[in-house]
Amino acid sequence: MERILTTPISEAEARDLCVGDVIHITGTIFTARDEAHLMMLEKGAPFPVNGLAVYHCGPVVQKKDGRWRIVSAGPTTSARMEIFEDRFLEKFPVRVIIGKGGMGEKTLAALQKVGVVYSHYTGGAGALAARAISEVKDVHWLDRLGMPEAVWVLCVEKFGPLTVTMDSHGESLYDTVGKTLSENIQTIHDRIERSK
Amino acid sequence: MRDERLVEQLVAAIRTAETILPEDVLVALKEASAIESGVARVQLEAMLKNADAARDGSIPMCQDTGIQTFIVCVGSKFPELSSLKGSIIEAVRRATNEVPLRPNAVHPFTGENTGDNVGEHIPYISWEIVDGDSCVIDLLPKGGGSENCAALGMLPPGVGINGVKRFIVDHVVGCAGKPCPPGIVGVGIGGGADLSLKLGKLSLLRPVGSRHPEGNIAALEEELRDLINASGIGPMGLGGKTTCLDVHVEYAHRHPASLPVGIVYQCWSDRRARVTIDANGKIEVT
């Protein structure tokens, strides 16, 4: 199923999504990597984030004529945020996580509890992402955290394609691919053993 | 020392590498897209759209613009040898502002970012002196996500070539979606620990689809590519038939007691450019 979600996204809308759905987001999203997660957990959200999407991303940003402009903004590896994402979601109920590579069991449980989906954005597609960002609304903690780690608040239009890879029903596409792989690896090893 | 004209052309080459995906990679991604469906195809189509957006807007394809890497092959009679290093470093500084590039040179102990992609031993410049009077500089900006999936195996020689295959396949498959597949797996076999990894990295300069000139090595490349693609990991690790676009293998003779295998992964955003300078100072960027 393909659909466009407009922020603020409700809990019901998030719970309605399933693994395999392709979504686009219109409205407001914000970036947060390792340092920003820690900062928000310690100091609270610098602006209201309920119902928005958090984007695991360290963008390239340029200031032109006094205004910030996103140059390239693809996703970073989400697994690094696994250590605190469950606490983050309970404190800041965003409805969509955007990242790449997927996350672990603690986050999957938090997605079910809070009503959030994890969506995968194609790694490396930084130019395509930048094209869907119409404006940099704000930036928080830029001086302290630097360009990649700061919280960038972004206006987006049809940001995506985002594939739901972990949903609020306990499903994870990464588990499914992992199972396929463990079935295939034995065949691959047998092929190697038989080769010259 | 630096040569202003060369600096300008090197900045242009960095821009080319960062913003234009080489034709061989585009073709390979399109072929992969044609045989995939569902989520896998969504990923490949996004990659192709991203390549268009980057080229049309002259903006970096990926926000991780990488560690700037230069493989220099310079003729022993090339007249402008003394200005090469200074020109490369200055070009990286300028490209950081002009392309722009993300500042990616961080002090390993203090965490301080130099801000201009220049630091201790960075940009990475590899030098080779060859016969002749011209110079070829290959650019291979390399992102962190894929570089983190490099590996070195100091295998016992007794495992033989099948042991080598298993080490490579198990490692690449174990990385799953982390290095932004489908990319190019560069493999160096033999030499020593450092040389095997270096050969793996140098093999990434070859276009996707190019085969090693020796038939048995060429066959090994195709076999490894097919084995990795039988894993089902697929584009971005979300399942599918295309886990790598190609495997390139280079080799060196080895010590009798050693069988080093170096693996260097390049993500699908396989950024490359080349600067050629002849003895009369004519510079060409491709």
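FYI, it's all coordinate maths here, none of it is from the lab. Please read these numbers as outputs of a predicted model, since none were measured by experiment. Ideal geometry is used to build each Cβ from the backbone, glycine not excepted, and the neighbour counts take in all protein chains shown.
Quick notes
- Within the stretch A:58-70, the presence of at least one residue that is closer than 20 Å to A:Ala132 by Cα, in a strand (DSSP E or B), out of contact with any strand residue (DSSP E or B) (no Cβ under 6 Å at 6 or more places or on another chain) and within 14 Å of chain B (Cβ to nearest Cβ) is confirmed.
- Considering the stretch B:106-152, and only residues there that are of a type in the set (Phe, Trp, Tyr) and exposed (fewer than 13 other Cβ atoms within 10 Å of the Cβ), the residue that is farthest from the other protein chains (Cβ to nearest Cβ) turns out to be B:Trp127.
- Some residue of the stretch B:151-173 being within 23 Å of B:Leu101 (Cβ to Cβ), assigned to a strand (DSSP E or B) and in contact with a Gly (Cβ under 8 Å, 6 or more places away or on another chain): no
- In the set (1) within 23 Å of B:Gly144 (Cα to Cα); (2) touching a residue at least 60 places away in the same chain (Cβ under 8 Å); (3) in a loop (DSSP other than H, G, I, E, B); (4) not hydroxyl-bearing (Ser, Thr, Tyr), the condition left unmet by B:Lys178 is number (2).
- If only residues of the stretch B:244-281 that are outside any strand (DSSP E or B) and among the hydrophobic types (A, V, I, L, M, F, W, C) are counted, the one that is farthest from the chain's Cα centre (by Cα) is B:Ala257.
So that you can scan it fast, the table gives a plain yes or no per residue for (1) within 9 Å of another protein chain (Cβ to nearest Cβ); (2) among the charged types (D, E, K, R); (3) closer than 18 Å to A:Gly160 by Cα; (4) surrounded by 15 or more Cβ atoms within 10 Å (Cβ to Cβ):
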| position | (1), (2), (3), (4) |
| --- | --- |
| B:Leu26 | no, no, no, yes |
| B:Ile35 | no, no, no, no |
| B:Arg41 | no, yes, yes, yes |
| B:Ala46 | yes, no, yes, yes |
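- Count of the stretch A:155-190 residues which are touching an Asp or Glu at 6+ places or on another chain (Cβ under 7 Å) and crowded, with 23+ Cβ neighbours inside 10 Å: 1
- Any hit, the stretch A:144-152, residues being free of Cβ contacts under 8 Å to residues at least 24 places away in the same chain and among the acidic types (Asp, Glu): no
- Of the strands (runs of 3 or more DSSP E) lying entirely inside the stretch A:103-196, the ones with 1 or more residues being in contact with a Gly (Cβ under 8 Å, 6 or more places away or on another chain) are found at A:117-121, A:151-166.
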